[in-house]
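Here the structure is laid out as structure tokens; the discussion comes afterwards.
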Amino acid sequence: MFSHLDSWEVGLIVLLVAMPIALFGAIEMVGRMNREKARKLAQRNKVAELEARRNARDGRR
């Protein structure tokens, strides 16, 4: 099938196929890291808000 192609042409085809796959994987990995970071930040904010409410409630007593 590829017998009429030079080795650099086969390499170019492989590169053109592999690059979008690698790029999509990298984008997905960065997105996953950002979601995890946002989840941790939201959890930290939730804890801080609960502590602030508790301190405000205790301060009124």
Criterion first (loosely packed, with under 10 Cβ neighbours inside 10 Å and of a type in the set (D, E, K, R)) does R39 satisfy it?
no
For S3, only one of the following conditions fails: (1) surrounded by 10 or more Cβ atoms within 10 Å (Cβ to Cβ); (2) small (G, A, S); (3) not in a helix (DSSP H, G or I). What is its number?
(1)
Being within 12 Å of the chain's Cα centre (by Cα) and either modelled with pLDDT under 95 or not charged (D, E, K, R) (or both) narrows it down to one residue among I21, I27; which is it?
I27
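The values are calculated or read from the model by the stated rules, or taken from the named source; none is laboratory data. No experiment lies behind these values; they were computed from the predicted model shown. Glycine also receives a Cβ, built like all others from the backbone with ideal geometry; neighbour counts cover every protein chain displayed.
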